[in-house]
Amino acid sequence: MSMTRKLTAIVATLMMTLAVYAQAPQVLGDSHAMKRVKVSSKYLLLPVQEKVENANVRVLVDNQQMQSFNVKLAVDKVDYFVPLDLGRLKSKDVLLDITFHGDRRATGAVKDFICWREMKLSDEFDTTNRERFRPIYHHTPEYGWMNDPNGMFYKDGQWHLYYQWNPYGSQWENMTWGHSTSRDLLHWDAQPTAVEPDALGTIFSGSCVVDKKNDRVVAFYTSAGQHQVQSMAVSKDNGKTFVKEIDNPILTSNEPDFRDPKAFWNPELQAWNLVLAVGQEMRIFSSKDLKNWKFESAFGKGYGNHEGVWECPDLMKLQVRGTDTQKWMLICNINPGGPFGGSATQYFVGDFDGHTFTCDHKDTRWMDYGKDHYATVTFDNAPDGRRVALAWMSNWQYANEVPTKQFRSANSVPRDLDLFEYNGQYYCGVTPSKELLALRGKKTANPTEACEIVVDAKGPMTLTLSNTKGEQVTMRYDKAAKTFTMNREKSGDTAFSEAFPGETTAPVYGNIRQFRIFIDRCSIEVFDAEGRLAMTNLVFPTEPYSKLTVKGGKASVYQLAGF
């Protein structure tokens with residue numbers, strides 16, 4: 001770039017900045033201010049400081065409220081910026097009506113807040129990865145907070161993933177459906193926001209179905225306002241945009257926890273089923289038209305773990321490997337109540353006739369025995385009858401405090417679900433999806449920040465990942481006790497939460513001959529190669545693990561390919 005062009009760019013940036021500064025805030029009280037913005041660029045970049053309380057921002061155009069959201073506007077320090085999209089408002093004049101929360105004695109006078117000096121107009125928002133813990137091959141939002149995967153479906157060669165998203169900060173707030181797409185379950189492209197809050201409330205979790213008969217994609221989600229109600233939206237362009245049903249809400253209840261609708265086509269019933277999480281049970285509905293739903297039955301009393309609220313259900317028919325037998329499995333995510341504290345995914349195996357689910361067992365069964373596997377749901381309409389699942393890779397005990405800021409949270413690697421038999425009982429099989437084989441590059445002697453480790457176990461096995469800082473993660477397979485354990489007490493940065501350090505232990509159903517271990521910058525996922533064990537844990541080493549020690553087995557380390 002020539003010197004003249006550089007000077008021109010600098011002047012243009014200064015002019016944009018001055019355009020915001022010139023409009024000083026109108027301070028109307030100890031916690032209330034207004035700021036008028038003359039729109040000359042696509043975005044207004046809002047400065048965020050995570051330690052302060054939320055401010056409520058109402059975006060007004062011609063005296064009409066166009067948008068309302070909460071954001072932690074910076075008081076005396078800027079941690080990062082988030083974009084307010086002004087271009088979509090199609091106005092040259094926007095009024096921000098801002099109410100601050102928090103103790104003014106601690107934060108000082110509103111007029112002195114640093115946010116007024118740091119707000120910037122810009123035609124671009126930089127989403128370049130600035131976080132050393134951002135995963136390389138796991139799905140993450142470009143910026144902001146993410147939790148539950150939502151509305152996942154496959155259509156025309158493309159996997160669609162929606163997710164609980166906060167566009168205005170990297171802690172939980174302003175629940176919206178973000179959207180990403182992939183051709184291979186590994187490389188994800190960010191798409192425009194899919195479903196935004198409205199007068200019924202923010203947009204909590206839900207599902208999508210491919211309605212082949214009517215050539216459309218239909219979304220179901222929880223509108224979380226004064227009460228939780230169920231809403232519906234329709235897409236005629238393969239999930240790019242949705243039009244909300246004019247008659248929303250389509251399902252209501254007086255229950256305080258009434259959420260996370262999972263819909264699916266049931267060919268045996270020749271109708272649609274929908275499962276809802278209500279308190280500590282799952283309620284099942286049926287419908288012929290996806291709009292009018294009939295209550296069929298409830299499941300939950302006397303089964304599984306009830307130490308927390310039941311959430312994010314999924315119900316599917318699965319093959320028992322190696323047999324002609326098929327059984328139904330109900331996924332039930334729970335928080336708290338997980339086997340090692342906080343959130344986790346339990347499941348139930350049984351039968352379902354389109355009206356009532358009947359469970360075969362009384363014991364509690366966990367799909368993954370790590371601390372960081374939650375909100376597990378599967379893709380609708382996956383090819384070849386597959387049941388491909390993703391989970392939110394975090395735990396509500398510390399999800400808001402993990403040491404990242406540009407973004408928070410990632411999804412697990414994709415996993416194919418089936419059933420296997422052990423000692424006369426049926427259990428959920430969890431196998432790394434076949435697409436993950438494309439990650440394998442050349443073999444290397446030592447682990448890297450993102451790699452796959454394959455371990456052939458000869459019997460009892462101990463594996464240790466470590467770095468030059470003395471940080472380590474130890475994994476042990478005890479063949480006699482039939483357990484697998486991972487210890488992350490010395491894994492790196494653990495100080496952000498007392499609930500983070502610790503050890504997780506899983507039961508083993510039969511002898512394990514081979515382990516597959518997927519490492520990314522902040523996560524370790526361990527699988528029995530035959531799909532009878534899954535354990536997912538976050539780690540935050542101050543430098544990547546570079547040494548591998550194995551006793552009782554032979555390990556091969558594969559470099560990452562295709563990234």
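The values are calculated or read from the model by the stated rules, or taken from the named source; none is laboratory data. As the structure is a computational prediction, the values presented were derived from the model and not from experiment. Cβ coordinates were reconstructed from backbone atoms using ideal geometry, including for glycine residues, and neighbour counts include every protein chain displayed. Quick note on the areas: whole protein, heavy atoms, side chains included, nothing else; ligands and nucleic acids left out. Shrake-Rupley method; radii C 1.70, N 1.55, O 1.52, S 1.80 Å.
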Suppose we filter 289, 360 for residues that are without any contact (Cβ under 8 Å) to a residue 40 or more places away in the chain and open to solvent by 50 Å² or more (accessible area, probe 1.4 Å); which single one remains? 289
Go through (1) more than 27 Å from residue 411 (Cβ to Cβ); (2) in contact with a Phe, Trp or Tyr (Cβ under 7 Å, 6 or more places away or on another chain) for residue 516 and report which single condition fails. (1)
When restricted to 452, 471, the only residue open to solvent by 20 Å² or more (accessible area, probe 1.4 Å) and among the acidic types (Asp, Glu) is 471
Taking only the stretch 68-109 into account, find how many residues are at pLDDT below 95 and within 23 Å of residue 171 (Cα to Cα). 7
Checked the stretch 306-352 for anything open to solvent by 20 Å² or more (accessible area, probe 1.4 Å), of a type outside the set (D, E, K, R) and not in a strand (DSSP E or B); matches are 306, 322, 323, 325, 336, 339, 340, 341
Looking at the stretch 363-398 only, could you name the residues that are acidic (Asp, Glu) and open to solvent by 30 Å² or more (accessible area, probe 1.4 Å)? 363, 384
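Hey, among 159, 165, 172, which residue is hydrophobic (A, V, I, L, M, F, W, C), open to solvent by 30 Å² or more (accessible area, probe 1.4 Å) and not in a helix (DSSP H, G or I)?
When all the criteria are applied, what remains is 172.
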Would you say residue 202 is part of a loop (DSSP other than H, G, I, E, B) and over 22 Å from residue 273 (Cα atoms)? no
Does the stretch 52-61 include one or more residues that are at pLDDT 95 or above, in contact with a Lys or Arg (Cβ under 9 Å, 6 or more places away or on another chain) and loosely packed, with under 13 Cβ neighbours inside 10 Å? no
So, in the stretch 212-226, exactly how many residues are surrounded by fewer than 16 Cβ atoms within 10 Å (Cβ to Cβ) and of a type outside the set (Asp, Glu)? 5
Lone qualifier among 243, 229, 209 - being in contact (Cβ under 8 Å) with a residue 40 or more places away in the chain and surrounded by fewer than 24 Cβ atoms within 10 Å (Cβ to Cβ): 209
Among strands (runs of 3 or more DSSP E) entirely within the stretch 451-563, at least 2 residues that are touching a residue at least 12 places away in the same chain (Cβ under 8 Å) and among the β-branched types (Val, Ile, Thr) occur in 451-466, 472-478, 483-487, 503-507, 514-520, 523-528, 547-560
Scanning the stretch 261-286 residue by residue, those open to solvent by less than 40 Å² (accessible area, probe 1.4 Å) and among the charged types (D, E, K, R) turn out to be 262
The condition from (1) over 29 Å from residue 389 (Cβ atoms); (2) open to solvent by 40 Å² or more (accessible area, probe 1.4 Å) that residue 459 misses is numbered (2)
